[in-house]
Amino acid sequence: MKITQQIRQVMPPPVSLANALRAQCPSHIDLLDLSQAVPGYPPCQPVINAGVAALCDPATHKYAPALGFEALRVAHAEAEGVRVDQVAITAGCNQAFAATLQCLAERGRSVLVPTPYYFNHQMTLTMQGFHVIEWPCREDMGLDWEALPNLLQPDTCAIVLVSPNNPTGYVTPADDIARLLRVAEQHDCALVLDETYRDFIDAAQRPTTIASDHLIRLYSFSKAYAIAGERVGAVIAAPELIQQIEKVIDCWAICAPKVGQIMALAGIGHAGDWLSGWRERIQARERLMLDELAGLVGYRVASSGAYFAWLRYPGDRSSTAEAEYWIKERGILALPAAVFGSAEAALRLAFANLDEAGITELGRRLRA
Ligand SMILES: Cc1ncc(COP(=O)(O)O)c(C=O)c1O
């Protein structure tokens, strides 16, 4: 069978690497899993109840409108301070990204992506035929403004920013987002802002609503309401782009899963306090983890926030070799910098799912 070079050159899903590493955990050590960027707890009861009730309603099992249920679009628009015609509901934030990029430009044009990157962004861009221009972050994982002018090309049609970032946890300050948007406007390209983890930082750290036809905001209901398997995300963009995205959704999935949409709507209505509780718990885990890692000789947390920390380790092993060493010798599973397009001696710690005992144990194992 002939398969395109374009898809062959896309990296394999890193989840296979995580599984291969997991299999190397010695049987006498309890695995400490810091590889998962998905809530490790179930949704709150009102969200589950809404899903169960939806399953029992025969109407649920038909298609929804391609852009999503009106009620969910309205609720998300209200929560974001935008108009409903600026909202598309997608089958997860990954589809939001792919559908957006499908509309933005012809194949072969370039997209600027800060590195380390979220691997699915790099994979999507490669399979869609974009040229990915890597924009290495500064030492503190912030945006490197000095490097930017030389990287932007006349054919750059989008700049991608993930904040809070996966994999580094870095939260881009609101002023920097506004500055990057001005660059995008001057360059007449889009700023695609992926805010999948924004519910896990304080409201004061989040960018305020900025109105610009050059700004495209992507969101995921997966993490906020612990419904990753139900596949619901959203795009906020100019109505002109939303109308084109409707065509993509219609062809790729027809609509986002309806049970998920109903659960997301229940989340917006009833899970506010529950979500705040998880935000506070995960922030407490982050503080504890930073304390645990602070005294370790040679290690340094370059940045952290929301779900992730970017940990530089001592020694000269490649990040893949270091991840193998961690799992075989310490029973700790963390993804290497390499899968995020970074040559740094660093690992991504997805700490959000480790409770206090797990984080204390992480510190103990790294000190041993
Ligand atoms: C930055 C980022 N964007 C998007 C996604 C995918 O979200 P969804 O489950 O809504 O497709 C993830 C999931 O890990 C992510 O880390």
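Residues that are surrounded by 14 or more Cβ atoms within 10 Å (Cβ to Cβ) and of a type outside the set (Phe, Trp, Tyr) within the range 301-317 comprise 301, 302, 303, 304, 305, 306, 309, 311, 312, 317, listed in sequence order. If I filter the range 191-205 down to residues being assigned to a helix (DSSP H, G or I) and under 23 Å from residue 83 (Cβ atoms), which single residue comes out as farthest from the ligand (Cβ to nearest atom)? Across the range 191-205, the extreme among qualifying residues is 203.
The requirement of being in contact with a Phe, Trp or Tyr (Cβ under 7 Å, 6 or more places away or on another chain) and farther than 22 Å from residue 253 by Cβ is satisfied by residue 115. Picking from residues in the range 268-292 that are farther than 30 Å from residue 362 by Cβ and under 21 Å from the mean Cα position of the chain (by Cα), the one that is surrounded by the fewest Cβ atoms within 10 Å (Cβ to Cβ) is 272. If you check 80, 106 for being out of contact with any His (no Cβ under 6 Å at 6 or more places or on another chain), without any contact (Cβ under 8 Å) to a residue 12 or more places away in the chain and of a type outside the set (S, T, N, Q), only one passes: 106. Taking first residues from the range 262-274 that are touching a residue at least 40 places away in the same chain (Cβ under 8 Å) and partners that are crowded, with 20+ Cβ neighbours inside 10 Å and of a type in the set (D, E, K, R), the Cβ contacts under 7 Å between residues at least 6 apart in sequence or on separate chains come to 263/230. A single entry from 148, 104, 161 fulfils the requirement of being in contact with a Cys (Cβ under 6 Å, 6 or more places away or on another chain) and aliphatic (A, V, I, L, M): 104. Examine the range 48-62 for a residue that is in contact with a Gly (Cβ under 8 Å, 6 or more places away or on another chain) and either without any contact (Cβ under 8 Å) to a residue 60 or more places away in the chain or β-branched (Val, Ile, Thr) (or both), and state whether such a residue exists. Checking the range 48-62: not a single residue is in contact with a Gly (Cβ under 8 Å, 6 or more places away or on another chain) and either without any contact (Cβ under 8 Å) to a residue 60 or more places away in the chain or β-branched (Val, Ile, Thr) (or both).
If you go through the range 49-74 and keep only what is more than 16 Å from the ligand (Cβ to nearest atom) and under 22 Å from residue 192 (Cα atoms), you end up with 66, 67, 73, 74.
A Cβ distance below 6 Å, combined with a sequence gap of six or more or placement on separate chains, defines the contacts here; from the range 329-341, residues that are under 20 Å from residue 365 (Cβ atoms) reach residues that are part of a strand (DSSP E or B) and among the charged types (D, E, K, R) in the pairs 333/33; 335/348. Only one of the listed residues (167, 149, 136, 154) is within 20 Å of the chain's Cα centre (by Cα) and away from the ligand (no atom under 16 Å from the Cβ). That residue is 136. Residues that are farther than 27 Å from residue 197 by Cβ, hydrophobic (A, V, I, L, M, F, W, C), more than 18 Å from the chain's Cα centre (by Cα) and outside the structural domain of residue 164 (by TED's automatic domain parsing): does the range 300-320 have at least one? No, that holds for no residue.
Residue 30 meets all of the listed conditions (1) closer than 30 Å to residue 347 by Cβ; (2) crowded, with 16+ Cβ neighbours inside 10 Å but one, namely (2).
The values are calculated or read from the model by the stated rules, or taken from the named source; none is laboratory data. Just so you know, these numbers come straight off a predicted model, no measurement behind them. Every residue, glycine as well, gets a Cβ built from its backbone with ideal geometry; the counts of neighbours run over all protein chains shown.
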